[in-house]
Amino acid sequence: MEREIRCRKFFTQPAEELAEKLLGKIICRRISEHQVIRFRIIETEAYCHDDTACHSNKYKSGNGVISQNMIGGTLYVHYDNKAYAGSSFDIVANQERVGEGVLIRGGVNVDDPNERYASMPRLLGEALQIDYSSLNREDLLTSEKIWITDDEFDIQNRVQRQKRIGLENAKDITTEDKERLLRFTLCS
C-alpha cells in the first residue's frame with residue numbers, strides 16, 4: 001500500500017542520510033486532474049553543507065543558494081530550461097539555513113518500467129515535467145502538484161555508494177569532496 005510522506009522530519013535529516021532513504025520511494029507528479037506520473041527513485045546524490053560542490057556553498061547568491069537554504073522537503077529546480085519540458089532538481093534536506101540538497105539522478109516509471117532514466121537527471125526532470133516557473137521551491141509536504149510516496153519497496157542489500165558524477169574536472173571543488181561516496185544507486 002502506498003502512503004504519502006507528509007512528515008517534515010523525514011526531509012529534515014542530513015542530505016547524506018536523506019539521499020539513501022529516498023531510494024525506492026516514488027515521486028508523484030500531477031499533470032492534470034486525471035493524470036499522475038510516478039517514478040521510483042533509483043539514484044541520488046547528496047550535497048552536504050560542508051561540501052564545495054553544494055550550490056549553497058559554491059555560489060554567493062541566486063536560486064541555488066536561496067532554495068537549498070529552505071526547509072527540508074522543498075523542491076529546488078535548478079534552472080528555467082525553456083528549450084526542454086523539464087529541469088534537473090533537488091529535494092532540499094535538513095533544517096532551514098543549513099544549505100543541503102539531494103539531486104534526484106535517476107528513476108523508473110512505476111506504470112511503464114521500460115521508461116528508465118539512470119544517471120540522467122535532466123531527462124528524468126523532462127519525463128516528470130519539472131517546470132521551474134511552477135515547481136521551484138514547492139513544498140513536497142503540502143503540494144498537490146508533486147509529492148513523495150512510500151510503498152515499502154525493499155531496498156535492503158541493494159544500495160551501492162559511489163563517487164558523484166561530473167565533478168572530476170571542476171576546479172572549484174576540493175579533491176576531498178570529489179572523492180566522497182555521496183552517490184547512492186539502487187541495484188537490481
**Request:** Show me 134-143, 15-24, 116-125, 168-177 ranked by packing, highest mean number of other Cβ atoms within 10 Å first.
**Result:** 15-24, 116-125, 134-143, 168-177
**Carbon + sulfur, % of accessible area of the chain - ligands and nucleic acids excluded, 1.4 Å** = 47
**Complete:** Over the chain, the sum of -39500 (n - 2.57) across DSSP H runs of at least four, divided by residue number and rounded to 500 deg cm²/dmol, gives at 222 nm -4000 deg cm²/dmol
**Fill in**
Result: in the chain the number of Lys pairs with C-alpha under 29 Å apart, spaced 8 or more or on different chains, is 28
**Message:** At a 10 angstrom cut-off on C-beta neighbours, averaged per residue, how do the peptides 154-163, 178-187, 72-81 rank from highest to lowest?
**Reply:** 72-81, 178-187, 154-163
**Prompt:** Rounded, prolate or oblate: which fits the range 137-188 when a ≥ b ≥ c are the square roots of the eigenvalues of the alpha-carbon gyration tensor, with rounded for a/c under 1.5 and prolate only if a/b beats b/c?
**Reply:** oblate
**Asked** Considering only Gln68, Pro113, Tyr47, whose Cα is most displaced toward the positive end of the charge dipole of the range 6-147, charges sitting on Cβ of Lys, Arg (+1) and Asp, Glu (-1)?
**Response** Gln68
**Charged-residue dipole, Cβ positions (Lys, Arg, Asp, Glu), the range 65-188 about Cα centre, Debye nearest 20** = 580
**Label corresponding to Cα extents along the principal axes in Å when calculated from the structure given, among (1) 55, 41, 22; (2) 38, 36, 31; (3) 45, 37, 34** = (3)
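The values are calculated or read from the model by the stated rules, or taken from the named source; none is laboratory data. Only a predicted model underlies this, so the values are computations on that prediction, with no experimental measurement involved. Cβ: placed from backbone, ideal geometry, glycine included. Neighbour counts: every protein chain shown. Please note that ligands, DNA and RNA were not included when accessible areas were found on the heavy atoms of the full protein model with its side chains. Shrake-Rupley method; radii C 1.70, N 1.55, O 1.52, S 1.80 Å.
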